[in-house]
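Input: a single structure, listed below in structure tokens.
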Amino acid sequence: MTAMLKLLLIEDDASMQAALQRALRRRGMDVVPCIDGRLAIEQWTASQPDVVVLDLSLPGLDGLQVLEQARHQGLTTPVLILTARGTVGDRIMGLNLGADDYLPKPFDLDELEARLRALGRRSTGTESASAPAFTGQLRYEKESGAIYHLGQVMELTPRELALLQALIVKPGHAVSKERLFELVFPGEADVQYEAVEVVVYRLRKKLVATGVKLVTLRGLGYLLKVNP
């Protein structure tokens with residue numbers, strides 16, 4: 001029998017908290033609620049969840065402050081940021097502070113469940129959620145969000161960094177343009193999908209000397225490939 005996924009749900013909106021608890025429990029998850037940023041670290045440590053669902057607009061401590069403190073204290077539980085604050089700056093800052101995924105409100109429950117279970121498999125598997133990801137000469141430190149080439153931090157724009165982070169954790173596997181668009185341009189309804197291609201073009205030039213190629217697979221998306 002598959003073990004029940006244990007979640008710490010840090011959300012201060014009472015109606016949202018209650019609705020998510022009901023929905024996720026019906027989907028076979030054990031949900032521990034937390035409504036205050038000041039209590040989040042204490043409950044995180046006490047409950048030992050498989051995945052943390054973190055809102056950013058919290059009383060007491062902002063969600064980003066909670067995340068920063070948790071990672072500083074060595075808490076490596078995978079974190080999914082769930083928030084109405086869908087700006088690029090908030091998302092990039094969250095990823096840089098150690099978040100593992102980001103889903104803006106409003107969201108689809110099926111997608112939320114799929115993402116939580118994917119993070120849960122990482123949490124309960126043999127690989128540490130904070131372990132670095134490698135692709136050729138590139139190394140992605142998940143806790144800091146930085147990507148290194150031969151020990152040196154790569155100089156990337158926030159959008160280039162978000163795109164490369166999405167690809168480096170899935171080396172050799174294509175990530176769709178639609179998914180990359182969600183990560184690089186979250187909540188930006190006035191931006192066209194083709195904007196991803198511009199970021200890809202700029203990132204390709206920065207990868208030339210790294211021994212890693214950003215490859216386009218027609219109809220599938222993009223992937224990273226180590227040069228032979």
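The values are calculated or read from the model by the stated rules, or taken from the named source; none is laboratory data. Remember, predicted model here, so these are calculated numbers, not experimental data. When we count neighbours, we look across all protein chains shown, and the Cβ atoms used for this are built from the backbone with ideal geometry, even at glycine. These accessible areas exclude ligands, DNA and RNA; they are computed on the full protein's heavy atoms, side chains included. Shrake-Rupley method; radii C 1.70, N 1.55, O 1.52, S 1.80 Å.
Some notes on this structure:
- Angle in degrees between helix 158-168 and the longest Cα principal axis of the chain, rounded to the nearest 10: 90
- Put E111, E68 in order of accessible area, highest first, and with a 1.4 Å probe you get E68, E111.
- The listed peptides 213-224, 9-20, ordered by packing as a protection proxy, come out as 9-20, 213-224 (highest mean of other Cβ atoms within 10 Å first).
- Entry for Kirkwood radius over Cα pairs in Å (calculated from the structure that is shown) out of (1) 22.6; (2) 17.1; (3) 18.2: (3)
- As a calculated quantity, the FRET efficiency between M16 and S144 at R0 = 25 Å, using C-beta atoms, amounts to about 0.25.
- The chain: angle of helix 63-72 to the longest principal axis, Cα-based, in degrees nearest 10: 80
- Nearest-0.05 FRET efficiency for D62 and A195, computed from C-beta distance (R0 30 Å): 0.55
- The helix-based estimate of mean residue ellipticity at 222 nm for the chain, built from -39,500 (n - 2.57) per DSSP H run of four or more residues and divided by its residue count, is -12000 deg cm²/dmol to the nearest 500.
- Between helix 195-207 and the chain there is an angle of about 60 degrees, using the helix long axis and the longest principal axis of the Cα atoms.
- Given their separation in residues at 0.36 nm each and the Cα-Cα distance between them, E155 and K206 gain 17.5 nm when the chain is fully extended.
- Note on region 156-221 and region 101-122: Cα centroid distance 20 Å, given to the nearest whole angstrom.
- Long-range lysine pairs (8 or more apart or interchain), the chain, Cα under 30 Å: 24
- Within the chain, antiparallel bridges make up roughly 45 percent of the DSSP beta bridges whose residues both belong there.
- The simple spin-label model puts a point 7 Å past each Cα toward its Cβ; for D36 and H173 those points are separated by 4.0 nm.
- Selection of trypsin sites (Lys or Arg not before Pro), region 1-72, meeting DSSP coil and at most 15 other Cβ within 10 Å: R27
- ³J(HN,Hα) computed for each position of region 29-38 - Karplus, 6.51 cos²θ - 1.76 cosθ + 1.60, integer Hz, glycine/proline x: 10, 9, 10, 9, x, 8, 10, 9, x, 6
- Across the chain, C-alpha contacts under 8 Å between residues 6 or more apart give a mean separation that, scaled by the residue count, equals a relative contact order of 14 percent.
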